[in-house]
Amino acid sequence: MNILHLLSWCPNPDDPTLGNFCIRQINALPDCNSIVLSAYEDRNLSSGYEIRDEQNEHHRMVRVHYATSKKGLFRKLHIIKMYNIGLQYITSKYFTPDLVHLHVAYPMGIVALLWKRKHGFRYILTEHWTIYQPQNADMLRGFMKRVIVKTGNNASAILPVSLDLQRNMERIGIKNRYKVVYNLVDTSIFRLGEPQHNAKKNILHISTLRDEAKNFSGILRTIERLRQQRNDFVLNVIHDYEAPEFKAFVDEHNLTDCVIFHGKKTSQEVAEFFINTDFFVLFSNFENLPCVIVEAFASGVPVVSTNVGGIAEILSPERGILINQGDEEALLQSMNQMLDHSDGYDRKAIRQYAIETFSAKKIGEEIYEQYLGVCKQ
């Protein structure tokens, strides 16, 4: 099948990890010719545009680089024009798509809607975004909300990454055929390691450190209290963005011996951290289905997490501990419990669950089945 992918979050030269979970889904698809089309505002171009075409192992990336020149509405129209140019390039050189796969409804849903009207291209929507959750209602309004609802209602099928996300999409008025398809993990990279017997147990946290969502400040306050009770742990922090205020907190509260910031890491490097991790901690205020929890499971690592988004759909007592959002006392108790008893979890069983539920083979087949169903309609 010939599938053209539109990504609202797409890796680019400025942010190579943006939407990398979408690319992982694309790479898992069996029996597909997959092309990702993207438009990139290139500051190195003084005028016009350039099309850059790159074949990767499992997909082709066609990126239209364009010069910065437009503002406001004219900029949005110019971006749509760049996508139309990219489509013309793909249809003339490679194929006319059997189906368009839209990853995240906004803003690329505008392009998918226009193509459906103009060319008759049907599209499937995969959704990852937390904007549908009630606490983000102030952001989801006006033009954006109208576009998102129209995009969802005009899709041939919607593949949310959790049942909780589906319910929130239905709540704002998106009525369609849904099939929950979880985020996937590369189980060849994230794997079980040899048991470690370190003097101190390793706790791992991975996030953007954007506090309104990830509540990392709550983790640090809890770590400070935990440090007053015991000194047998280290919190390793992998983070996408610099966070000087958190590093200042660690310095001011004499936590440098038990909180270590590692910055951004590749997937392979993250997998190596998991091998030597006793448990993973996430204290988010809102989520959908975090890839980091799926990666922890693939590594056989138990998890402490807040009960937000779709996390309760996958985090059972056999795989970790669920606590209420913002409950620092419960976080403290859970971390103490994990430090004392993390060795009691069946890590092979945790990993087997990940293989059966989130592997590339499993998720790729589920998406392909939806492709077949839409094309047979």
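The values are calculated or read from the model by the stated rules, or taken from the named source; none is laboratory data. Not measured: the values here are computed from a predicted model. Neighbour counts run over all protein chains shown; Cβ positions are idealised from the backbone, glycine included.
What single numbered condition from (1) touching a His at 6+ places or on another chain (Cβ under 6 Å); (2) under 20 Å from LEU29 (Cα atoms) fails to hold for LYS70?
It is condition (2) that LYS70 fails.
Which residue pairs have Cβ atoms closer than 6 Å, lie 6 or more positions apart in sequence or on different chains, and pair a first residue in the range 128-139 that is more than 16 Å from LEU289 (Cα to Cα) with a second residue that is assigned to a loop (DSSP other than H, G, I, E, B)?
Matching pairs, first to second residue: GLN135/PHE286.
What number of residues in the range 97-139 are more than 20 Å from ARG63 (Cβ to Cβ) and assigned to a helix (DSSP H, G or I)?
Of the residues in the range 97-139, 11 are more than 20 Å from ARG63 (Cβ to Cβ) and assigned to a helix (DSSP H, G or I).
Among the numbered criteria (1) surrounded by 20 or more Cβ atoms within 10 Å (Cβ to Cβ); (2) without any contact (Cβ under 8 Å) to a residue 12 or more places away in the chain, which single criterion is violated by THR277?
All conditions pass for THR277, except number (2).
What are the residues in the range 140-160 that are in a helix (DSSP H, G or I), among the small types (Gly, Ala, Ser) and touching a residue at least 24 places away in the same chain (Cβ under 8 Å), if any?
If the condition is that a residue be in a helix (DSSP H, G or I), among the small types (Gly, Ala, Ser) and touching a residue at least 24 places away in the same chain (Cβ under 8 Å), then GLY152 is the only one that fits.
Looking at (1) farther than 26 Å from SER299 by Cα; (2) among the charged types (D, E, K, R); (3) within 19 Å of the chain's Cα centre (by Cα), find the lone condition where ASP186 falls short.
Going through the list (1) farther than 26 Å from SER299 by Cα; (2) among the charged types (D, E, K, R); (3) within 19 Å of the chain's Cα centre (by Cα), ASP186 breaks only (1).
Could you say whether any residue in the range 173-186 is of a type in the set (Gly, Ala, Ser) and at negative phi?
no
For the range 336-360, which residues satisfy the criterion of being farther than 30 Å from ASN198 by Cα and surrounded by fewer than 13 Cβ atoms within 10 Å (Cβ to Cβ)?
Selection gives GLU356 alone.
From the set of residues in the range 66-89 that are over 13 Å from ILE110 (Cα atoms) and of a type in the set (Phe, Trp, Tyr), which is nearest to the chain's Cα centre (by Cα)?
Checked the range 66-89; the qualifying residue nearest to the chain's Cα centre (by Cα) is TYR66.
Do the conditions hold for HIS101, that is, is it in contact with a Pro (Cβ under 9 Å, 6 or more places away or on another chain) and either in contact (Cβ under 8 Å) with a residue 60 or more places away in the chain or not assigned by TED's automatic domain parsing to the domain that holds ILE172 (or both)?
no
If GLN333 passes every condition in (1) surrounded by fewer than 23 Cβ atoms within 10 Å (Cβ to Cβ); (2) farther than 28 Å from HIS197 by Cα; (3) in the same structural domain as SER207 (by TED's automatic domain parsing) but one, which one does it miss?
Only one criterion is unmet by GLN333, namely (2).
Contact list please: Cβ distance under 6 Å, first residue in the range 182-204 and in a loop (DSSP other than H, G, I, E, B), second residue modelled with pLDDT of 85 or more and of a type in the set (Lys, Arg), pairs at least six apart or on different chains.
If the second residue must be modelled with pLDDT of 85 or more and of a type in the set (Lys, Arg), the pairs left are LEU184/ARG24; LEU192/ARG351.
Answer yes or no as to whether GLU269 is among the charged types (D, E, K, R), within 19 Å of the chain's Cα centre (by Cα) and under 22 Å from LEU331 (Cα atoms).
So GLU269 does not fit the description; no.
Picking from ASN254, ASN288, ASN236, ASN215, which residue would you name as being among the polar types (S, T, N, Q), at pLDDT below 95 and not assigned by TED's automatic domain parsing to the domain that holds VAL161?
The unique qualifying residue is ASN288.
Just wondering, is there one or more residues in the range 302-311 that are touching a Lys or Arg at 6+ places or on another chain (Cβ under 7 Å), part of a loop (DSSP other than H, G, I, E, B) and within 17 Å of TYR345 (Cβ to Cβ)?
For the range 302-311, residues touching a Lys or Arg at 6+ places or on another chain (Cβ under 7 Å), part of a loop (DSSP other than H, G, I, E, B) and within 17 Å of TYR345 (Cβ to Cβ): present.
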